[in-house]
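What follows is one structure encoded as structure tokens, with my remarks underneath.
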Amino acid sequence: MWFKNLIFYRLQKPFAYSAETLEEALDAKHFTPCAKHELSSSGWASPMGSLSELLVHAGSGALMICQKKEERILPASVIRDFVNEKIEAIEEAEMRKVRKKERDTIRDEVIFDLTPKAFTRSSNTWAVILPQQSLLVVDASSAKKADEFTALLHSTLVDTPLSLIRSNHAPADIMTHWLENPASMPANLEMGDECELKEPGDEGGIVRCRRLDLASDEIRTHLDAGKQAVKLGLGWSEKLSFVLTDDLSVKKLKFADEILEAAADQGEADAAAQFDADFTLMVMEMERLIPQIIEWFGGENSE
């Protein structure tokens, strides 16, 4: 349940829902499996999985919710093989060439016939709403997954506008400066051993480094050549380690052993208690980290 990625959004007006009213709103779009001819289905599921049927887990002033998505696995290569087989049969039987319009119709028919037979796979995306901080934090490894989550949230809570948080200073500029001059890093922030450096421009070259001393001459050479840090491994307050990106998202988030052990001590009773203990301590660290990230880059750009 511990989040590994953080993409955070600003709630543009006070959050109007309690745990109870949010539960009612989410229930209107409760997850249901794919219908017979449906390629995908998305809706709200319990963030606690089999431990609870509730769609909202509340505690410490925070609300956790979960999007569940089910997709049918229908590989393009399989569709193509069936389509080609049908086309070959038609061309051989009728001694004519199948044109594009007919080919598209055959493809649609193949997809319609294969969809009910296809296997399905499901995935979950969790998020935490922090009403007092006016934040939504999504555990998504990509912008696409985060966009799918926020699209469902927007269609469910139409009166809850949100936007990605942007900083006043460009994160790539600041992170590059940290690499060039580690002494300039904020207090309680330590350099990790991972970074991604990129030349300016859409066609710029990219260098990815892992398990490397970021103060080495090799890194300095790339910086002298004009590359900028678009991802940087960091440690904070000896409690969290992560990779920070130039869009302010957090990747590969890891919690220190002392936090995990504290959660384990609090949740000894049962699985539900363990979930709640994990949730409480994770939220506490989020509430400390996110404002710090925004501050490192000159505060939030509200324009």
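The values are calculated or read from the model by the stated rules, or taken from the named source; none is laboratory data. Remember, predicted model here, so these are calculated numbers, not experimental data. Please note: Cβ atoms are built from the backbone with ideal geometry, for glycine as well, and neighbour counts cover all protein chains shown.
For the range 55-83, which positions are surrounded by 13 or more Cβ atoms within 10 Å (Cβ to Cβ) and more than 30 Å from L281 (Cβ to Cβ)? Write out each step before concluding.
Applying the first criterion (surrounded by 13 or more Cβ atoms within 10 Å (Cβ to Cβ)) to the range 55-83 yields 55-60, 62-72, 74, 78-79, 82-83.
Within the range 55-83, E70, E71, R72, L74, V78, I79, F82, V83 meet the criteria.
Let's see how each residue does on (1) β-branched (V, I, T); (2) closer than 28 Å to S52 by Cα:
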position	(1), (2)
G235	no, no
L240	no, no
T245	yes, no
L248	no, no
K254	no, yes
I259	yes, yes
A262	no, yes
Q266	no, yes
A272	no, yes
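Could you grab me the full set of residues in the range 43-53 that are out of contact with any Phe, Trp or Tyr (no Cβ under 7 Å at 6 or more places or on another chain) and surrounded by 17 or more Cβ atoms within 10 Å (Cβ to Cβ)? Spell out how you get there, then give the answer.
Initial filter on the range 43-53 (out of contact with any Phe, Trp or Tyr (no Cβ under 7 Å at 6 or more places or on another chain)): 46, 49-50, 52-53.
Passing the criteria: only S46.
Of all residues being modelled with pLDDT of 90 or more and buried (at least 19 other Cβ atoms within 10 Å of the Cβ) in the range 252-275, which is nearest to the chain's Cα centre (by Cα)? Just the residue, please.
Only one residue tops the list, namely L253.
Out of the residues in the range 119-129 that are of a type in the set (A, V, I, L, M, F, W, C) and buried (at least 16 other Cβ atoms within 10 Å of the Cβ), which is farthest from S40 (Cα to Cα)?
From the range 119-129, those of a type in the set (A, V, I, L, M, F, W, C) are 119, 126-129; that's our starting set.
Narrowing the set further to residues that are buried (at least 16 other Cβ atoms within 10 Å of the Cβ) leaves 126-129.
Numbers: W126: 18, A127: 21, V128: 24, I129: 26 Å.
Here the residue is I129.
Which members of the range 170-191 meet the condition of being touching a strand residue (DSSP E or B) at 6+ places or on another chain (Cβ under 6 Å) and either crowded, with 19+ Cβ neighbours inside 10 Å or aliphatic (A, V, I, L, M) (or both)?
Passing the criteria: A172, M175, T176, L179, L189.
Output the qualifying pairs, or none if there are none: Cβ atoms under 7 angstrom, residues six or more apart or on different chains, first residue in the range 78-101 and farther than 16 Å from F112 by Cβ and in contact (Cβ under 8 Å) with a residue 60 or more places away in the chain, second residue of a type outside the set (A, V, I, L, M) and surrounded by 12 or more Cβ atoms within 10 Å (Cβ to Cβ).
Matching pairs, first to second residue: none at all.
Given (1) of a type in the set (V, I, T); (2) without any contact (Cβ under 8 Å) to a residue 24 or more places away in the chain; (3) farther than 26 Å from A143 by Cα, identify the lone condition not met by I219.
Every condition holds for I219 apart from (2).
Can you give me the number of residues within the range 266-285 that are without any contact (Cβ under 8 Å) to a residue 12 or more places away in the chain and either charged (D, E, K, R) or touching a Lys or Arg at 6+ places or on another chain (Cβ under 6 Å) (or both)?
Applying the first criterion (without any contact (Cβ under 8 Å) to a residue 12 or more places away in the chain) to the range 266-285 yields 267-270, 273-274.
Retained after the next criterion (residues that are either charged (D, E, K, R) or touching a Lys or Arg at 6+ places or on another chain (Cβ under 6 Å) (or both)): 268, 270.
Total meeting the criteria: 2.
So, in the range 195-218, exactly how many residues are surrounded by fewer than 14 Cβ atoms within 10 Å (Cβ to Cβ) and part of a loop (DSSP other than H, G, I, E, B)?
At the first step, the residues of the range 195-218 found to be surrounded by fewer than 14 Cβ atoms within 10 Å (Cβ to Cβ) are 200-206, 208, 210-211, 213, 215-218.
So of that shortlist, the ones also part of a loop (DSSP other than H, G, I, E, B) come out as 200-205, 211, 213, 215-216.
The qualifying residues number 10.
Just for strands (runs of 3 or more DSSP E) wholly inside the range 16-106: which have at least 2 residues that are charged (D, E, K, R)?
62-72
How about the range 117-150: which of its residues are outside any strand (DSSP E or B), under 17 Å from R10 (Cβ atoms) and of a type in the set (A, V, I, L, M, F, W, C)? Reasoning before the result, please.
Filtering the range 117-150 for residues outside any strand (DSSP E or B) gives 117-119, 131-134, 139-150.
Subsequent filtering for residues that are under 17 Å from R10 (Cβ atoms) retains 131-134, 140, 143, 146-147, 149-150.
Scanning the range 117-150 gives A140, A143, A146, F149.
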